[in-house]
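Quick notes on the structure that follows.
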Amino acid sequence: MNTKSWLLSFKSSITFSYLLNTYLNLAYEFKKSKDFNESIFYLEKADSLATNLNDLRSLVRIYAQKSQVYELKGDVVNSLKALKLHDAADDSLFSIDLSNSVADIQAKYESEKKEAENSLLKKDAQINNLALTSEKKYRNILIFCFVISLLLVVVFYNRMRVSRSKNRIIEKQKVDLSNQKLALEEVNKEVISSINYAQRIQEALLKAKEHVSKHLPEHFVLFKPKDIVSGDFYWYLEKKGFVYIAVADCTGHGVPGAMLSMLGISYLNEINSSQELLTPGKILDLLKAKVVNELSQIDSSITVADGMDISLLRMDLKTGNLVWAGANNPLYILSNNDLTIINSTRQSIGYSDTVIPFVDHQVSHVPNAIYYLFSDGYIDQFGGSKGKKLKQSGFKKKLFEISEQPLSAQLTVLENYFEDWKGSFDQIDDVTIIAIKAPELGG
């Protein structure tokens, strides 16, 4: 290396050393002022520079200060990581120093050995000097052994010190994690208690699955919430010789869906509180307007994302004739081994850029016909041997298979089939199916 290159390298080394010390001083000052984020920022800069320079002595200082700052910040995990890096750098530095010391002693030993060998070539008169040199050689060997032993003792002591320090941090971390676990368990207990109370409120609004009425035809209700509370709901009303039945699927599931479902039940009861006998299409028009209006008063952003899909029928108990309307959810009619699908209006009960009236569909009475109202949780469930959705095709196939069975048996089959299909997969949505058989007239 020429003189110019050496000078440039020397200047660069001084510059990096000054910059490294500046970062460390800034980190120390920010630590004193308890600005731990800024302290860590400059320690990271110092870490990067010292790593590039392979400056192990500086890295030992940096990791020690990092561990202190993270501990003061309350970040036990990163404090332990920094301590581990400090120990690794300290061990590496110690190994290098040890190697250098051994190399120096070895070099000195080899030099003296060479001198001793040269002394053997001298005159017989120098025998006394040779003896003295030999004595010195063995003394140096003893010194070398002593130094090595001392270094081994230092290493052992350092290991013990580091191990005790690690154990203290691990014990502290265990205590902190135990306290956090207890706090989380307490919070979780309160949350579950609140959700269970919400479930009782929702069940009270839905009433019992086995609705007791001498007018209601044979029917079943399959209701399987994904969580403790449900975003699906069903609704029933008797009025002036007619029965109204609805199955609705609100946006989301769990607590948010359940809150919207309770609003839906409340709005349906309010809309039908007058003496007027409304058609399902008219009820859905009023429900859509009410949901959009009420939610927009709370938060205008909610109206874009929140609402519900619904299937709603009105049955004349005297004639058995139906009027049905749907918002995104269809009506299935199974009769004489033939499945008829009445498609819904492609519009949800919620905000939409274009509002169109919901269409009423007239359905004449057919003896022994079965009407199925449902949410999309059953057909959207993943499962089977290939982990795919059941889809409408799988649902239709199962309905054909059980079409001749009583409704009570159909309920059991559909519930068991859903569980078998789902298998080890998680239930992805709330599930609701209501089947109602056409009434026997003249009874």
Those residues of region 387-403 which are hydroxyl-bearing (S, T, Y) and either in a loop (DSSP other than H, G, I, E, B) or outside the structural domain of N293 (by TED's automatic domain parsing) (or both), in sequence order | S403
Restricting attention to region 362-390, the residues that are more than 26 Å from the chain's Cα centre (by Cα) and farther than 17 Å from S424 by Cβ number exactly 14
Failed item in (1) under 25 Å from L260 (Cβ atoms); (2) crowded, with 20+ Cβ neighbours inside 10 Å, with G383 passing the rest = (1)
Listed by range, strands (runs of 3 or more DSSP E) wholly within region 274-386 having at least 1 residues that are in contact with a Ser or Thr (Cβ under 6 Å, 6 or more places away or on another chain) and assigned by TED's automatic domain parsing to the domain that holds E238 are 307-316, 322-327, 331-335, 370-374
Which is at pLDDT 70 or above, surrounded by fewer than 14 Cβ atoms within 10 Å (Cβ to Cβ) and in the same structural domain as I169 (by TED's automatic domain parsing), of L132, L72, L151?
-> L72
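The values are calculated or read from the model by the stated rules, or taken from the named source; none is laboratory data. Predicted model, so just to flag it, every value in this text is computed and none were measured. Methodologically, a virtual Cβ is constructed for each residue, glycine included, from the backbone with ideal geometry; neighbour enumeration extends over all protein chains shown.
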